[in-house]
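Peer 1: Encoded as structure tokens, here's the structure I'll be asking about.
The values are calculated or read from the model by the stated rules, or taken from the named source; none is laboratory data. Keep in mind the model is a prediction, meaning the values are calculated, not measured. Glycine gets a Cβ as well: all are built from the backbone with ideal geometry, and neighbour counts include every protein chain shown.
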Amino acid sequence: MRFWLARNSEVPIREQLVTQITLGILSGDLEAGRKLPSTRELARRFRVHANTVSAAYKELEKERWLESRHGSGVFVADGNTRLAKPRAKNGQANGAALAMDKLIADLFRCARDAGMPLADLRLRLRHWMAMQPPDHFLLIEPDEELREIVMAEMRAGLKFAVRGCVIEDCAKADNLAGAIPVVLPSKAEKVRKTLPASSECMVLQVRSVTSSLAGAPGARPELLVGVASRWPGFLKSARTMLVAAGFDADSLVLRDARKAGWEKPLLQTSGVVCDAVTAQRLPKACHAFPFSLISEASLNELRRYEEFVSHPLN
């Protein structure tokens with residue numbers, strides 16, 4: 001394996017050497033049992049102090065990446081030895097660090113196999129690391145009413161801010177800056193074609209009918225049940241699902257919340273199946289049964305993403 005050391009880098013020579021050897025082992029370039037150049041040989045080759053190389057080797061021996069054999073030299077340790085090492089002092093398991101190191105090693109190997117110069121890879125890494133970290137979700141949805149409903153559900157369950165835009169505007173730099181794009185399944189293909197190739201886009205999953213209706217009142221002939229929303233698609237879907245669940249179509253009071261006086265007839269119902277936005281606008285006398293559109297699995301995925309970007313590596 002070929003080593004390289006950048007003298008003018010802000011990263012110390014010892015750290016450069018430790019990182020390269022670790023990545024070499026993880027990527028398979030330095031197999032178990034491989035003998036490494038002596039301290040003096042590396043010091044002479046790169047014109048650095050022998051103590052610098054020695055310190056790097058000792059650190060790697062302490063972490064069980066290398067092993068020193070008296071009278072023979074320094075060798076790559078067996079992988080089973082590393083996996084058997086105790087937990088780190090900070091209480092975190094070594095598995096997570098090893099997994100990240102493996103990803104980095106794979107990146108360098110792929111770049112090398114593709115013939116990409118190391119200098120270009122460094123520039124791209126610096127570019128990505130310098131980019132504004134994500135601090136909000138961007139819901140890309142052309143239907144304004146549906147967009148507002150989904151955004152309301154996201155805001156209720158997430159810590160990050162939530163913004164929205166139409167598909168035609170999703171590729172604008174101002175919209176993408178610091179954004180984590182998200183989209184509903186029906187628009188995913190079109191949005192991905194519109195976004196820059198380098199942009200990631202998370203696809204939201206829709207909640208199942210069974211879980212959505214779990215809190216709704218049971219079907220009884222004498223009950224009037226309201227269905228209210230500003231989104232026509234919600235009114236249509238909710239009516240269909242309630243009828244399928246055993247409700248008489250004549251017992252359903254459908255109200256378009258965009259129209260004046262939409263609330264009054266709902267005061268006579270036993271409960272109102274509605275979306276997250278309409279639930280906040282219902283009269284206090286109405287018993288709301290909010291019908292969530294986003295699945296809990298999708299919300300959990302967004303929460304994990306929040307956690308990930310909120311705790312970057314220092």
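Peer 1: Filter segment 294-313 for residues that are at pLDDT 90 or above and either among the charged types (D, E, K, R) or buried (at least 17 other Cβ atoms within 10 Å of the Cβ) (or both) and give the result.
Peer 2: Ile294, Glu296, Ser298, Leu299, Glu301, Leu302, Arg303, Arg304
Peer 1: Out of curiosity, is Ala260 under 14 Å from Ala288 (Cβ atoms) and either surrounded by fewer than 18 Cβ atoms within 10 Å (Cβ to Cβ) or modelled with pLDDT under 85 (or both)?
Peer 2: Taking the combined requirement at face value, the residue does not satisfy it.
Peer 1: I've got another one for you. If I filter segment 1-41 down to residues being modelled with pLDDT of 90 or more and crowded, with 17+ Cβ neighbours inside 10 Å, which single residue comes out as farthest from Ala105 (Cα to Cα)?
Peer 2: Here the residue is Thr39.
Peer 1: Next question. Any idea which residue in segment 245-271 is farthest from Val225 (Cα to Cα), counting only those that are touching a residue at least 24 places away in the same chain (Cβ under 8 Å) and small (Gly, Ala, Ser)?
Peer 2: This residue is Ala257.
Peer 1: Check Phe46 against each of (1) out of contact with any strand residue (DSSP E or B) (no Cβ under 7 Å at 6 or more places or on another chain); (2) surrounded by fewer than 16 Cβ atoms within 10 Å (Cβ to Cβ); (3) modelled with pLDDT of 85 or more and name the one condition it does not meet.
Peer 2: All conditions pass for Phe46, except number (2).
Peer 1: Just a yes or no: is a residue in segment 122-137 in contact with a Leu (Cβ under 6 Å, 6 or more places away or on another chain) and buried (at least 18 other Cβ atoms within 10 Å of the Cβ)?
Peer 2: No, there is no match, as no residue in segment 122-137 is in contact with a Leu (Cβ under 6 Å, 6 or more places away or on another chain) and buried (at least 18 other Cβ atoms within 10 Å of the Cβ).
Peer 1: Residues that are in contact with a strand residue (DSSP E or B) (Cβ under 8 Å, 6 or more places away or on another chain), buried (at least 17 other Cβ atoms within 10 Å of the Cβ) and in a helix (DSSP H, G or I): does segment 161-169 have at least one?
Peer 2: Taking every residue of segment 161-169 in turn, none turns out to be in contact with a strand residue (DSSP E or B) (Cβ under 8 Å, 6 or more places away or on another chain), buried (at least 17 other Cβ atoms within 10 Å of the Cβ) and in a helix (DSSP H, G or I).
Peer 1: It is to be established whether one or more residues within segment 294-312 are over 21 Å from Phe137 (Cβ atoms) and within 38 Å of the chain's Cα centre (by Cα).
Peer 2: Among the residues of segment 294-312, not one is over 21 Å from Phe137 (Cβ atoms) and within 38 Å of the chain's Cα centre (by Cα), which makes the answer no.
Peer 1: How do the pairs read when you match residues in segment 194-215 that are more than 19 Å from Cys165 (Cβ to Cβ) with residues anywhere that are at pLDDT below 85 and in a helix (DSSP H, G or I), using Cβ under 7 Å and keeping only pairs 6 or more apart or on different chains?
Peer 2: Within 7 Å, the pairs are Val209/Met241; Leu213/Met241.
Peer 1: List the residue pairs whose Cβ atoms are under 9 Å apart, where the first residue sits in segment 97-113 and is modelled with pLDDT of 80 or more, the second is loosely packed, with under 14 Cβ neighbours inside 10 Å and not in a helix (DSSP H, G or I), and the two are 6 or more positions apart or on different chains.
Peer 2: From residues that are modelled with pLDDT of 80 or more, the pairs are Cys110/Met116; Ala111/Pro117.
Peer 1: I want to confirm something. Restricting to segment 240-257 and keeping residues that are part of a loop (DSSP other than H, G, I, E, B) and in contact with a strand residue (DSSP E or B) (Cβ under 7 Å, 6 or more places away or on another chain), which single residue is surrounded by the fewest Cβ atoms within 10 Å (Cβ to Cβ)?
Peer 2: Ranking the candidates gives Ala257 first.
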